[in-house]
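Below you'll find the structure, written out as structure tokens, and then a few comments.
No value in this document is a laboratory result; all are computed from the given coordinates. Please read all numbers here as calculations on a predicted model, not as lab measurements. Glycine also receives a Cβ, built like all others from the backbone with ideal geometry; neighbour counts cover every protein chain displayed.
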Amino acid sequence: MSRREGDKDLEKIGKIIEKMADPDVFVWLERGDDPSDQELYRAATIVADRLCGAVANPIIRNAQEKRQLAAIGEWLTALGYKNLPAGEGTKYDDMKPGTFSYRLNVPVEQDGTEKIVNIPVDAVVMPKTAKAGDLPLLIEAKSAGDFTNVNKRRKEEAAKMNLLRRTYGDDVRYILFLCGYFDSGYLGYEAAEGIDWVREHRINDLGEFGL
């Protein structure tokens, strides 16, 4: 690439950045002049904070999910349930009553096709009272540090539930194990899709699902 072409493409990139830049952060762009030292420092601080959050939030969320699954495992083990390691060929439809496993794939039919895809489920529990042909309880661990992010992600669970129900019928049970900020808007949306939930600080409510 020649220098002229490079400069031309860099100018295009610059225009995109200017167009997408938050005018409340980069206040000098609308003025069309140079920023003051204070404005530069303020903008850099805000950008650094947002970048830090973007990097840290997934790490925190993954750590919380790990802790949530450990809490479910401890609760089930105390009731006499046996953990089936996922790496030993455990299948959701071949679990014996009184067993549970983490991160199992549940096959479903994709929308409008006969193609089978796998849905990963955080925790799968076969109740002690289950009979032959019964489906296990599917549990999705969810955590959130603010209300905004969960309302962006609420359709993910609804989409999973629709695929599960289409494949296995209305008897499928898919619930959420929640930690953090989940408001009435999020919960109402999930309830409308037939998804129930248990709050982590009320883990004993899992017993209401026949466990």
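Worth pointing out:
- Beta bridges by DSSP in segment 62-209, antiparallel share as percent, to the nearest 5: 50
- Modelled spin-label separation between Glu11 and Arg166, with each label point placed 7 Å from Cα along the Cα-to-Cβ direction: 4.9 nm.
- Within the chain, the whole DSSP H helices whose Cα atoms reach 27 Å or more along their own axis and whose mean Kyte-Doolittle score is at least -1.0 are 37-78.
- Charged neighbours of Asp134, selected by a Cβ distance under 13 Å, balance to +1 (K, R count +1; D, E count -1).
- If R0 is taken as 22 Å, the Cβ-Cβ distance between Arg3 and Asp34 corresponds to a FRET efficiency of 0.25.
- For Ile116 and Phe209, the difference between the fully extended length at 0.36 nm per residue and the C-alpha to C-alpha distance is 30.7 nm.
- Per-pair calculated FRET efficiency, R0 = 45 Å: Lys131 and Asp49 via Cβ, rounded to 0.05: 0.25
- Within the same chain, aspartates and glutamates fewer than 8 places from Lys12 are excluded, and of the rest, those with a Cα less than 19 Å from its Cα are Asp22, Glu30.
- Neighbours of Pro120, meaning other residues whose beta-carbon lies under 13 angstrom from its beta-carbon, give a summed charge of -3 when Lys and Arg score +1 and Asp and Glu score -1.
- Matching label, P(r) over Cα pairs in 5 Å bins from 0, in percent computed from the structure shown, candidates [x] 1, 6, 11, 14, 14, 12, 9, 6, 6, 6, 6, 4, 3, 1, 0; [y] 1, 7, 17, 21, 22, 16, 9, 4, 2, 0, 0; [z] 1, 7, 14, 19, 20, 18, 12, 5, 2, 0, 0: [x]
- Listed by chain and number, the lysines placed with their C-alpha closer than 21 angstrom to that of Lys96 are Lys82, Lys128, Lys131; residues fewer than eight positions away on the same chain are left out.
- Each of Lys66 and Glu18 was given a label point 7 Å from its Cα along the Cα-to-Cβ line. The distance between the two points is 4.6 nm.
- Here Lys19 is the anchor, and the lysines within straight C-alpha reach of less than 21 Å, apart from those fewer than 8 places off in the same chain, are Lys8.
- For Lys128, the residues whose modelled amide H falls within less than 5 Å of its own, excluding neighbours fewer than 5 places apart on the same chain, are Gly98.
- Mean Cα-pair separation over length for segment 62-209, i.e. relative contact order, pairs under 8 Å, 6 or more apart, %: 19
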